[in-house]
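Participant: Handing you this structure, nothing more for now.
The values are calculated or read from the model by the stated rules, or taken from the named source; none is laboratory data. The model shown is predicted, which means the values in this text are computed figures rather than measured ones. Every residue, glycine among them, receives a Cβ derived from its backbone with ideal geometry; neighbour counts consider all protein chains shown. Please note that ligands, DNA and RNA were not included when accessible areas were found on the heavy atoms of the full protein model with its side chains. Shrake-Rupley method; radii C 1.70, N 1.55, O 1.52, S 1.80 Å.
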Amino acid sequence: MLLASFALLADAGAQEWTRFRGPNGSGVSDSKSVPVTWTEKDFRWRVPIPGESHCQPVVSGDKLFLTSAIEQGKERMLLCLNKADGKELWSKKVAMATYAKHKLNSFASSSPAVDKDRVYAAFVSSEQFLVKAWDHSGKELWTEDLGAFKAQHGHGSSPVVFEDRLVLTNDQDGESFIAALDTKTGKVAWKSARRGGDQMTAYGTPCILERKGAPTQVITSSQTHGLSSLDLKTGAPLWEAKVFDKRAVSSPVLAGDLVIGTCGQGGGGSCLAAVKIGGNGDVTSSNVAYTIRQVVPYVPTPVATADRLFWVTDGGVANCAELATGKVLWSERLVDKTIFYGSPVAIDGKLYIVSQKGDMFVFGASDSFKLLSKNPMGEGSHSTPCVDGDRLYLKTFTHLVCVGGK
Amino acid sequence: MNRAPLAVAGLILLLAASPSRGDDWPMLGGRPDRNLVCAEKGLPVAFEAEKQQKNVKWAVNLGKTTYGTPAVAGGRVFVGTNNEQPRDPALKGDKGVLMCFAEADGKFLWQAVHAKLETGELEDAAFIGLCSTPCIAGDRLYYVSNRAELICCSAQDGKPVWTLDFRKELGVSPHQGSASSPLVVGDLVYVVTGHGSDFKKHKVLNPKAPSFVAVNRSTGKLVWQDSSPGDRIFAGQWGSPSYGVVEGKAQVAFPGGDGWLYAFEPETGKLLWKFNCKAHEKLDKDGFPETPNQLVATPVYAGHRVIIATGIDTDTNGPGCLRAIDARKSGDVTRTAELWKLAGEEFACSISTVAVHEGLVYAVQFPGMFDCIDLETGKRIWQHDMLSTAFGSPLVADGKAYVRNGDGEVLVFQTGREKKLLAKNAGLPGVENGSVVAANGVLFVAGRNKLYALAETK
């Protein structure tokens, strides 16, 4: 009995949506009771959030944490809300300079990361890359400035926590590196230099690879390094598959023995690549399992289930392929007069993704296409949902919406 | 009563003048009416260049971004690109480049290279290269550089003849890029100057600067100018003019950055009519239209009609509007000249130009739908979803409609009221969005970094 409870607790802990795209960036929830259809009247709650942001909220215990930005990014915010009713418990403002970004990006597209003691957020400008930590009651613990951030389209990557390390990717147009900070002090544990350069900014959030007999690794996606791995302990580069010739905006996804990533530009995705994990140095010629060049996404990140890979293109076409081979089983249009910049998440055999117009599309994670519902979110969105038990939270441009729950 | 014999006589004349091998494609759209239809025969339906070579006559490297479409004339192929795969190793860095190749074998002949504008991103975005499609008339070539200059040079060697600098001489300020494709008819060159709103201040700083000009093709001297959109240009003006003869009278239509289409008397610049192509859009509480859509596509003259879609580049898949406008009326004809439209849920935004052929309109919607529409009624007859965002424009030739999507796939349909997909060609390596053009029995496909000549091989 006790053991069973512990197992449940541990499971619940693993399932907390504590970072961008949930458990290790997979976008896969083990929840079974999130609603499939709803109207605006069915919202558990919907609250206005100051400014505008495209972040995804993260959860710890009974609290939600999210970022926003007001006055053209001159003030960045971290907000802590009560997840029961969306009421603000506390918020922090950080004064920063504004900067030039893509008109469809926001000044708060990077999501916070949270562990049991602290919540972390990254805010950038042309002069600063501020990483900050607070405890869950809002007490500021530390700030670290990683330096100037130069990018044509702004910022997107979110911090990731693993044990006592906070990992930040900083692939940009200027001096580029991946950094690991001590979660307790904010001190830089290591910095690993990267090949940045003009228009080489990457916008994805890394994931962590744990394999028996191999060092724990940070997996990143960028145009210059492709899909690549660094030793989490030292920052030493381990392997890279240079599979991208365009901008990397989506995040890398671990799926069995593969890492999946996409690149693209302007009008859409141009390559989805699956790379076998392992090897040393440049593994481009040996480890690429497959690449797909038709109907692939640029901004939205794919989702892998046990043996299938799902993705939705920016233009609104949903796809299903065999994970192992990349063989496309179907490509079906969800909708044609909107665009998708949020990423899909998988919940109980279904995929959820929100359109720019603010409709949450739900379709079956199955071998034949089935659109299950199209649900209003009250406002447009470029964000990815956060799943927590029987609830789903979504940041729309200026609100946070909670669907489900009792 | 005399019209039929005259038309027949004209046709005979045209046939007599055409060389037996086919026709050149000397400008954007191939002809002054910009209707994407040509008389070529025997064009390849299927081709491949990855695993095996099939019907690839030749292929050459361009830069790494190619927004212009090729123009073919006098045995040469011209295309604008950037300098990311430099032909001249001494010329390094980001540039706007016009390349010229031999039509027969793809041999590189010459290039014109233009430095980026000193004002940077705001007027000449990084790596966009040279976006204008040139127009060839006789031994002269006309194009707009990335520096917002209308340039006349020798088609044989690229030697400059004259240059009209829109910024220095006319006070023009482009918005992110100059992209208009000139049109030569008679003694005049017609072109959109690319004047735009200031990228940072979001307004037109010099509303008196001309947006539309007619220039003497021999001297480069301005013949007339018009600043119609004035301070109402939303962003930039990247469209190109078209020329038609309606009820015996010539007119030239310019797409404005305010979403209006303006038609002028070609010789004088006198306004004949104007139409607000955003008239169907609601205004928000501040008086702004509900979409950033404007006229990026080129208007097409088809008899008394002009057909054009509204749209904007990459950032929205929202609703757009395709219209047929009656070009026989005068003044502000927004309320009186609309023959039909497809809008709202019926038609997404589009930056593609249409092909009008045997009573049917072939149109591309930005999210990737390819439509066949009845020219008389505006009713959709069939549609094919290409599943991938499409920037390019179709081509109708030899009873087939060619269309390319964002993955570089070229789909080939039989023309007509029944949908029949003849071939779906995988993207040629190095090729993505864009159009397909044809000249002298050969298809030309220019992509991001390659130019292909495709022809039936025996």
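Participant: Over the C-alpha atoms of segment B:218-374, what are the Rg and the largest Cα-to-Cα span, Dmax, in Å?
Facilitator: Cα radius of gyration and Dmax of segment B:218-374 are 15.2, 49 Å respectively.
Participant: On average, how much accessible surface per residue is there in segment B:244-396, in Å², for a 1.4 Å probe, leaving out ligands, DNA and RNA?
Facilitator: Counting only protein heavy atoms, the per-residue value for segment B:244-396 is 34 Å².
Participant: Using a simple charge model, +1 on the beta-carbon of Lys and Arg, -1 on the beta-carbon of Asp and Glu, nothing else, what dipole does chain B show about its Cα centre, in debye to the nearest 20?
Facilitator: In debye, rounded to 20, chain B gives about 460.
Participant: If I model a spin label at B:Asp332 and B:Arg232 as a point 7 Å from the Cα along the Cα→Cβ vector, what separation in nanometres do I get?
Facilitator: 0.7
Participant: Return the percentage of antiparallel bridges among DSSP beta bridges fully within the protein assembly as shown, rounded to the nearest 5 %.
Facilitator: Percentage antiparallel, nearest 5: 95.
Participant: Just to be sure I understand: if you take the accessible area of chain A alone plus chain B alone and subtract the pair, with a 1.4 Å probe, what total do you get in Å², rounded to 100?
Facilitator: The contact between B and A buries close to 1900 Å².
Participant: For segment A:228-327, with all protein chains present and a 1.4 Å probe, just round the carbon and sulfur fraction of the accessible area to a whole percent.
Facilitator: Answer for segment A:228-327 is 50 percent, counting heavy atoms of protein chains only.
Participant: I need the peptides B:238-245, B:344-351 ranked by packing, meaning the mean over residues of other C-beta atoms within 10 angstrom, with the highest value on top.
Facilitator: B:238-245, B:344-351
Participant: Take peptide A:338-346, look around each residue's Cβ out to 10 angstrom, count Cβ atoms belonging to other protein chains, and average those counts.
Facilitator: Average neighbour count from other chains, rounded to a whole number: 2.
Participant: Just to be sure I understand: with springs between alpha-carbon atoms less than 10 Å apart, which residue in A:Ser106, A:Ser286, A:Ser221 has the highest mean-square fluctuation in the Gaussian network model of chain A?
Facilitator: Result: A:Ser286 has the largest fluctuation of those listed.
Participant: Sticking with this structure for a sec: In the Gaussian network model of chain A, springs joining C-alpha atoms below 10 Å, which of A:Glu71, A:Glu379, A:Glu16 carries the largest mean-square fluctuation?
Facilitator: Between A:Glu71, A:Glu379, A:Glu16, it is A:Glu71 that shows the largest mean-square fluctuation.
Participant: Given the DSSP H assignment, sum -39500 (n - 2.57) over each helix run of at least 4 residues in chain B and divide by its residue total; what's the result at 222 nm in deg cm²/dmol, nearest 500?
Facilitator: When only DSSP H runs of four or more count, the value is -1500 deg cm²/dmol.
Participant: Shifting gears a bit: Quick one: which bits of segment A:275-316 get at least 40 Å² less accessible when the partner protein chains are in, versus the chain alone, with a 1.4 Å probe?
Facilitator: A:Gln294, A:Val295
Participant: Find the percent of Cα-Cα distances in the protein assembly as shown that exceed 50 Å, and round it to a whole number.
Facilitator: 19
Participant: Considering lysine pairs in segment A:317-376 that are 8 or more places apart or on different chains, how many have Cα atoms under 16 Å apart?
Facilitator: 5
Participant: Another question, then. For peptide A:258-266, compute the average count of partner chain beta-carbon atoms within 10 Å of each residue's beta-carbon.
Facilitator: Mean inter-chain Cβ contacts per residue within 10 Å come to 2.
Participant: Taking all protein chains together and a probe of 1.4 Å, list B:Ile233, A:Ile70 from the most accessible to the least accessible.
Facilitator: Highest to lowest solvent-accessible surface, that is A:Ile70, B:Ile233.
Participant: Taking N as the number of residues in segment B:327-458, what is its alpha-carbon radius of gyration divided by 2.2 N^0.38 Å?
Facilitator: That works out to 1.12 for segment B:327-458.
Participant: Taking the dipole about the Cα centre of the protein assembly as shown, with the C-beta of Lys and Arg at +1 and of Asp and Glu at -1, give me whichever of B:Pro207, A:Val47, A:Phe244 is farthest to the positive side.
Facilitator: Positive-most Cα among the choices belongs to B:Pro207.
Participant: Do me a favour and compute the ellipsoid semi-axes for segment A:122-197 from its Cα gyration tensor, root of five times each eigenvalue, largest one first, whole Å.
Facilitator: 22, 14, 10
Participant: Holding the Cα-Cα limit at 22 Å, pick out from A:Lys132/A:Lys187; B:Lys107/B:Lys159; A:Lys116/A:Lys187; A:Lys132/A:Lys191; A:Lys74/A:Lys395; A:Lys93/B:Lys285 the pairs that are longer than that.
Facilitator: A:Lys93/B:Lys285
Participant: On the accessible surface of segment B:322-458, probed at 1.4 Å, how many percent belong to carbon and sulfur atoms?
Facilitator: Reported share for carbon and sulfur atoms: 43 percent.
Participant: Tell me the accessible surface of A:Phe244 in square angstrom (1.4 angstrom probe, heavy atoms of protein chains only), to the nearest ten.
Facilitator: Counting only protein heavy atoms, A:Phe244 exposes about 20 Å² to solvent.
Participant: Sticking with this one: To the nearest 20 debye, what is the magnitude of the charge dipole of segment B:73-202 about its Cα centre, counting +1 on the Cβ of each Lys and Arg and -1 on the Cβ of each Asp and Glu?
Facilitator: 100
Participant: Could I ask something else about it? Just which residues of segment B:391-437 lose 40 Å² or more accessible area with every protein chain there, against their chain alone, with the probe set to 1.4 Å?
Facilitator: B:Asp407
Participant: Where in segment B:279-328 does accessible area fall by at least 40 Å² between the isolated chain and the complete protein assembly, at a 1.4 Å probe radius?
Facilitator: Listed by number, the residues meeting the 40 Å² cut-off are B:Thr314, B:Asp315, B:Asn317.
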